[in-house]
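The values are calculated or read from the model by the stated rules, or taken from the named source; none is laboratory data. On a predicted model such as this, the values are computed, not experimentally measured, just so you know. Backbone-built Cβ (ideal geometry, glycine too); neighbour counts: all protein chains shown.
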Amino acid sequence: MKPGWSLNASPDQMIGALGFYAARDAALKRAGIELQGEWKDVLNQAGSGKTYGVGSAFITWKGRVIPVKGTPTNPGRSSAHTASVAGEPPAPDTHQLGQSIAVVDMGDSTVRVGTNLRYGLALEYGVNVSGSRTGPHPGRNYVLQPRPHARPAAKAAQGGMTNAVRYTMGSAGRKTLG
């Protein structure tokens with residue numbers, strides 16, 4: 001028999017013992033946090049559309065959108081709001097969408113960043129809802145042009161996410177092998 005050494009371990013067990021799975025999970029978490037931050041920055045950009053006055057709110061009545069002053073049950077906006085235009089990210093008003101962006105799921109070799117607010121999807125891709133007698137805009141179609149926010153954030157965060165993974169995995173390799 002030749003002199004040498006052997007381990008009674010699979011390649012997966014050896015990689016796990018070296019800490020690369022933990023490093024991979026840390027790298028994915030850092031990349032997710034990078035995307036989360038960029039997404040919140042995109043959602044925090046001011047709009048360049050129409051500006052609505054202080055304390056204004058809107059109601060739909062007989063197919064028309066009517067501005068009204070705030071009331072105790074419908075306080076309206078507390079400050080002026082400049083809306084976004086089609087093709088821009090949605091302008092912040094209540095900041096609920098930006099606050100809802102989170103790293104929501106870490107699976108095996110995956111990370112998910114997203115929101116639980118359904119209108120985020122409608123803003124991203126736009127909507128076209130036919131009006132009806134009982135619908136939100138009776139007798140006409142309601143069209144909201146896309147206000148993309150997730151795709152621009154992913155594009156802007158791509159370099160930072162790559163660097164986060166490289167740094168974390170590189171650090172793990174230097175600690176384990178160096």
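May I ask you to verify whether Gly126 is of a type outside the set (D, E, K, R) and at positive phi? Judged against the criteria, Gly126 is a match.
Evaluate the stretch 161-176: report whether one residue or more is modelled with pLDDT under 85, surrounded by fewer than 13 Cβ atoms within 10 Å (Cβ to Cβ) and under 19 Å from Ala83 (Cβ atoms). So far as the stretch 161-176 goes, no, none of its residues is modelled with pLDDT under 85, surrounded by fewer than 13 Cβ atoms within 10 Å (Cβ to Cβ) and under 19 Å from Ala83 (Cβ atoms).
Output yes when any residue across the stretch 77-85 is in contact with a strand residue (DSSP E or B) (Cβ under 9 Å, 6 or more places away or on another chain) and at pLDDT 80 or above, and no when none is. Within the stretch 77-85, one or more residues are in contact with a strand residue (DSSP E or B) (Cβ under 9 Å, 6 or more places away or on another chain) and at pLDDT 80 or above. Only residues that are exposed (fewer than 15 other Cβ atoms within 10 Å of the Cβ) and within 11 Å of the chain's Cα centre (by Cα) were counted in the stretch 81-101, giving 1. Contact map, the stretch 108-123: first residue closer than 23 Å to Gly47 by Cα, second residue outside any helix (DSSP H, G or I) and at pLDDT below 90, Cβ cut-off under 6 Å, separation 6 or more or different chains; pairs are Gly114/Val104.
In a residue-by-residue description of the stretch 134-142, the property of being surrounded by 12 or more Cβ atoms within 10 Å (Cβ to Cβ), modelled with pLDDT under 85 and part of a helix (DSSP H, G or I) applies to no position. Going residue by residue through the stretch 144-154, is there one that turns out to be at pLDDT 90 or above, out of contact with any Phe, Trp or Tyr (no Cβ under 7 Å at 6 or more places or on another chain) and either outside the structural domain of Ala31 (by TED's automatic domain parsing) or among the small types (Gly, Ala, Ser) (or both)? Checked the stretch 144-154: at least one residue is at pLDDT 90 or above, out of contact with any Phe, Trp or Tyr (no Cβ under 7 Å at 6 or more places or on another chain) and either outside the structural domain of Ala31 (by TED's automatic domain parsing) or among the small types (Gly, Ala, Ser) (or both).
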